[in-house]
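Peer 1: I'd like to ask some things about the structure below.
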Amino acid sequence: MQNSKRFNHNYWIVILCFFSVTFANAQDPDNNIKVNDTTKSGTLLKQLGDGFFPTKLWNFDLRYLIKFNQYEGFRTGLGGVTNDAFSEKYRIDSYLVYGFRDDKFKYKIGGGFRVNPNTKTWINISYVDDLKETGSSDFLTDGRAFSFFEPRLLNIDLFHKHITSSISLEHEITPKLYSKTELAISNISPTYNYQYILDNTSYNYFETTTAKIALQWDPFNSEEELENGTKSIIQGYPKFTLQYTKSFKDVFNADFDFSKIDFRAIHKIKHNKEAYTIGTLSAGIAHGDAPLTHLYHAYPNNITKETILQRFSVAGINSFETMYFNEFFSDRFSTLVVKHYVKPFQISNRFNPQLVLVSRYAIGNMNTISRHQNVNFETLKHGYTESGFEINKLLFGFGLSATYRYGAYHLSREEDNIALKFTFNITL
């Protein structure tokens, strides 16, 4: 009962903070966005494309407005970050959301201060009480990611709760080499029936103390000066990301000792102005006593339903469309996704569909599978393959895709190897 009261108290503090920020903006008569010329209009569209709705002091983060997944149902809330008009040296970065199915608030209270403007060095602190998809892996240097529509999220059901306190340092070593380091303490509780067996002890919730360092290297990026005097980054390829994670047992009551190395390379080959090929190579390895929450899946995006039409949903970007959710987990894995974009068909001024040819490959394995109790899964040791195509931008950004699963993990019932889905592509 005391814990419940404490959490309710925290929720009301966060709610009060958000209403304070919103009220301050609402009371400012100059807070309305006025697009008077092409430059302002272009800036607004770029901010919206990046997932922010700007006001005078606060940029609302569109990621938190509304989402849906199998555990929370509809998830809605508010969040954002202060902008340069608030301060160029300090920032507040927070959110508050509510899940209707699990009837729980989730939130982040965070902020940072700038140490050196020339190297874009910031120190950040945060306290997060939220969910995370089991088996997912992300890079510190990716920062935030925004999409108008997140198709995988609709069908994810394997989450774990985490309460995480962290401090991080982001620093631009050179204009083409960016780094971020983080120290974090987490209390983790899977939302599903799971036990991790280690040294004759069963864990269904646990604590971790981790240190991470990530490097983002973009050796072929270049700068272009615009007419208004600002500079724009021209993206060059390939791009490389490397991250090392170390978990320390018995430090701040942490339960496990393990380490992880994650790597990603993205390369783009332009054949002409409108036709190009993108390849994404991802790899990761976990060594030591890592629970399932900190291992890897291969970003599956297929729901377990009887017929093709029942499985009809929306395709992701680099996800495996014929791989079923929670079908595979690995403590070491590698994936390769290759997408070839054919020149759009010029049918009319407003109707230019584009054909994309797609192939994906994944391989992985796992030691000590028996430690992971009450969750059934396979490994990718024989290599997983699927290929297909997309026809994008047929109507209002929507298109269609078809993918076929073959090779070592080809299923006995033929229709279970086929995935038909919508695609969604829109740019501002």
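Peer 1: Considering only the stretch 230-238, I want to know if a residue exists there that is aliphatic (A, V, I, L, M) and modelled with pLDDT of 95 or more. Working first, answer last.
Peer 2: So the first thing to find is which residues in the stretch 230-238 are aliphatic (A, V, I, L, M), and the list is 233-234.
Imposing the further condition that a residue be modelled with pLDDT of 95 or more reduces the set to none.
Checked against the condition, which is being aliphatic (A, V, I, L, M) and modelled with pLDDT of 95 or more, the stretch 230-238 yields no hits at all.
Peer 1: Separate question: So, of the residues in the stretch 293-310 that are crowded, with 22+ Cβ neighbours inside 10 Å and in contact with a Leu (Cβ under 9 Å, 6 or more places away or on another chain), which turns out to be nearest to Tyr406 (Cα to Cα)?
Peer 2: Among them, the one singled out is Ala298.
Peer 1: Scan (1) surrounded by 19 or more Cβ atoms within 10 Å (Cβ to Cβ); (2) within 20 Å of Tyr299 (Cα to Cα); (3) modelled with pLDDT under 95 for the single condition Asn392 breaks and write down its number.
Peer 2: (2)
Peer 1: Let me ask something additional. Restricting to the stretch 294-322, name every residue that is assigned to a loop (DSSP other than H, G, I, E, B) and charged (D, E, K, R). Reasoning before the result, please.
Peer 2: Within the stretch 294-322, the first condition is being assigned to a loop (DSSP other than H, G, I, E, B), and the residues that meet it are 295, 297-299, 303-312, 315-319.
Scanning the stretch 294-322 gives Lys305, Glu306, Arg311.
Peer 1: While we're here: Kindly indicate which of Arg405, Arg360 is in contact with a helix residue (DSSP H, G or I) (Cβ under 7 Å, 6 or more places away or on another chain), touching a residue at least 12 places away in the same chain (Cβ under 8 Å), crowded, with 19+ Cβ neighbours inside 10 Å and closer than 30 Å to Ala275 by Cβ. Walk me through it before giving the result.
Peer 2: Numbers: Arg360 fails: in contact with a helix residue (DSSP H, G or I) (Cβ under 7 Å, 6 or more places away or on another chain).
The conditions single out Arg405.
Peer 1: Find the residue count for the stretch 92-127, including only residues that are farther than 21 Å from Leu169 by Cα and in a loop (DSSP other than H, G, I, E, B). Show your work before the answer.
Peer 2: Within the stretch 92-127, the first condition is being farther than 21 Å from Leu169 by Cα, and the residues that meet it are 96-107.
Retained after the next criterion (residues that are in a loop (DSSP other than H, G, I, E, B)): 100-103.
So the answer is 4.
Peer 1: Quick one: which strands (runs of 3 or more DSSP E) sit completely within the stretch 192-291 and have at least 3 residues that are of a type in the set (S, T, N, Q) and under 21 Å from Lys180 (Cα atoms)?
Peer 2: Values: elements: 195-198, 201-203, 206-217, 222-225, 231-234, 239-247, 258-270, 276-288.
Passing ranges, in order: 206-217, 239-247.
Peer 1: When only residues in the stretch 267-290 that are within 20 Å of the chain's Cα centre (by Cα) and farther than 16 Å from Ala362 by Cα count, which is surrounded by the fewest Cβ atoms within 10 Å (Cβ to Cβ)? Before the answer, list the steps.
Peer 2: Quick first cut of the stretch 267-290, residues within 20 Å of the chain's Cα centre (by Cα) only: 267, 278-286.
From what is left, the residues that are farther than 16 Å from Ala362 by Cα are 267, 278, 286.
Details: His267: 14, Ile278: 17, Ala286: 24.
Only one residue tops the list, namely His267.
The values are calculated or read from the model by the stated rules, or taken from the named source; none is laboratory data. Predicted, not measured: the structure shown is a model, and the values here were computed from it. Backbone-built Cβ (ideal geometry, glycine too); neighbour counts: all protein chains shown.
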